[in-house]
Amino acid sequence: MTAPAPRPGIMDIRPYVGGESAIEGVSRIVKLSSNEGALGPSPKAMEALKALAPEIHRYPDGGAEALRQAIGARYGINPDRIVCGAGSDELLGILCRAYAGPGDEVLYSAHGFLMYAIAAKACGATPVTAPEVDLTANVDNLLKAVTPKTKILFLANPNNPTGTYLPSSEVARLRAGLRPDILLVIDAAYAEFVSRNDYTSGNELVEAGDNTVVCRTFSKMFALGGLRLGWAYGPENVVGVLNRVRNPFNVGSAALAAGLAAFQDTEYAELCKRHNDYWLPWLSEQVSALGLTVVPSVGNFILIRFPKDAGKDAATADAFLRSRGIIVRAMGAYGLGDSLRITIGTGEENQMVVDALREFLKK
Ligand SMILES: *Cc1c(COP(=O)(O)O)cnc(C)c1O
């Protein structure tokens with residue numbers, strides 16, 4: 001007798017480990033490990049959540065009508081081409097299951113978001129990576145890595161954990177160089193933070209064909225990671241697939257209500273954007289001034305590279321920051337064992353990070 005066996009690939013998955021949130025014996029924790037919005041959720045989102053409490057025996061609107069309408073109106077896109085998900089992670093997973101399987105390849109850049117490998121293996125497909133240049137996705141390398149088996153290309157733009165991005169001209173060149181039957185999934189989880197004239201989340205590529213989809217999330221700028229809410233904008237054929245494969249009530253009523261309130265609180269979103277616009281360059285400059293290498297980021301986090309010297313390396317820095325109650329993200333799982341990723345926090349938290357790193361380097 002043998003136990004039931006999962007499909008090939010499943011046991012190769014290294015389970016995703018989220019950012020830690022506690023240190024034994026430390027009461028005040030500064031959690032900068034998961035790129036959650038520094039200022040917390042919109043007060044209006046919190047009110048909407050409370051107001052919903054007496055109604056939670058009701059099933060949610062499985063079509064997420066009000067939220068899709070609001071998103072469509074804001075971005076000038078057709079609400080019928082939007083699908084909401086329990087975080088964008090759910091949508092990335094569904095796309096993998098629907099478009100790839102055993103024998104197929106799922107392509108992404110070397111330091112792309114960890115979920116792509118998990119989603120690929122979970123559906124039995126083979127994850128394939130293409131080398132980056134200066135910790136940035138490289139269109140030529142991605143195109144060279146395409147084989148007849150390639151079914152999906154995931155591009156996080158901007159990428160997590162590097163914080164780097166491709167300008168829209170490069171993403172368009174990528175799309176143009178890919179076979180039309182390859183699904184390009186642009187994961188724009190940090191789009192709200194980017195202030196660059198040459199950046200777009202990629203909606204124009206969705207509209208130009210039937211093979212590109214953009215995924216967005218409420219977990220970062222809108223700071224609703226605990227509720228699980230994301231959305232995809234895609235062509236009719238891809239939206240039809242997502243709506244067939246997702247669970248009918250995949251997004252809960254709490255996420256829908258708080259998400260809509262957060263989305264409509266544009267004043268608060270602007271405050272969060274201004275906060276990041278100030279503190280992202282501030283933290284980058286302060287950490288660089290300490291002699292560490294900071295990868296130029298357009299998101300709400302920075303990747304810091306440490307020297308290899310014993311006592312000054314990333315692992316020792318991580319332990320030192322923890323001893324000060326500061327939790328950041330170690331990058332071994334991304335093949336960047338010499339780096340730490342730090343989320344932009346409140347002004348006080350950012351100052352604590354700089355002070356702690358200064359003390360660490362002086363030791
Ligand atoms: C955080 C993140 C996501 C996941 O967001 P959820 O909507 O919380 O599932 C997706 N892609 C990237 C690149 C991220 O950093």
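Read-outs throughout are calculated quantities, based only on the coordinates presented, and are distinct from any laboratory measurement. In this text, all values refer to a predicted model and were calculated from it rather than measured experimentally. Cβ coordinates were reconstructed from backbone atoms using ideal geometry, including for glycine residues, and neighbour counts include every protein chain displayed.
Relative contact order for region 43-264 using alpha-carbon pairs under 8 Å, separation at least 6, rounded to a whole percent? Please report the intermediate quantities before stating the final value.
Numbers: 427 pairs, mean separation 62.2, N = 222.
For region 43-264, the relative contact order is 28 percent.
Length available on full extension from residue 289 to residue 27: 0.36 nm per residue minus the Cα-Cα distance, which gives 91.3 nm.
When DSSP assigns beta bridges and you keep just the ones with both residues in the chain, what percent turn out antiparallel, to the nearest 5? DSSP beta bridges in the chain are roughly 50 percent antiparallel. A straight Cα-to-Cα reach below 13 Å connects residue 50 with none of the aspartates and glutamates, residues fewer than 8 places away in its own chain not being considered. Annotation for region 301-324 versus region 102-174: alpha-carbon center distance of 28 Å.
Which value in deg cm²/dmol, rounded to the nearest 500, describes the helix-derived mean residue ellipticity at 222 nm for the chain, given -39,500 (n - 2.57) per DSSP H run of n ≥ 4 and division by the residue count? Spell out each step's value before the answer.
Working: 12 runs with 136 residues, N = 363.
My calculation for the chain gives -11500 deg cm²/dmol from helical runs alone.
The alpha carbons of region 51-209 occupy a box of 54, 39, 29 Å along the principal axes, longest dimension given first. Of the Cα atoms belonging to region 119-205, the radius of gyration and Dmax stand at 12.8, 39 Å.
Classify region 145-280: rounded, prolate or oblate, from the alpha-carbon gyration tensor (a ≥ b ≥ c, eigenvalue square roots; a/c under 1.5 rounded; otherwise prolate if a/b is larger than b/c)? Note, shape of region 145-280 comes out oblate. Comparing mean-square fluctuations of 287, 106, 214 from a GNM of the chain with C-alpha springs under 10 Å, the top value falls on 287. In this structure, residue 73 and residue 274 have a Cβ-Cβ separation that, at R0 = 30 Å, corresponds to a calculated FRET efficiency of about 0.80.
Protection proxy ranking, highest mean first, for peptides 3-16, 116-129: 116-129, 3-16, where packing is the per-residue count of other beta-carbon atoms within 10 Å, averaged.
In a DSSP loop and with at most 10 other Cβ atoms within 10 Å, the GluC sites (Glu not before Pro) in region 1-78 are 24.
Before anything else, pin down the relative contact order of region 9-95: Cα pairs under 8 Å, at least 6 apart, normalised by residue count, whole percent. Walk me through the intermediate numbers first.
On the way: 24 pairs, mean separation 10.8, N = 87.
Over region 9-95, the number comes to 12 percent.
Counted over region 109-235, the DSSP beta bridges are approximately 35% antiparallel.
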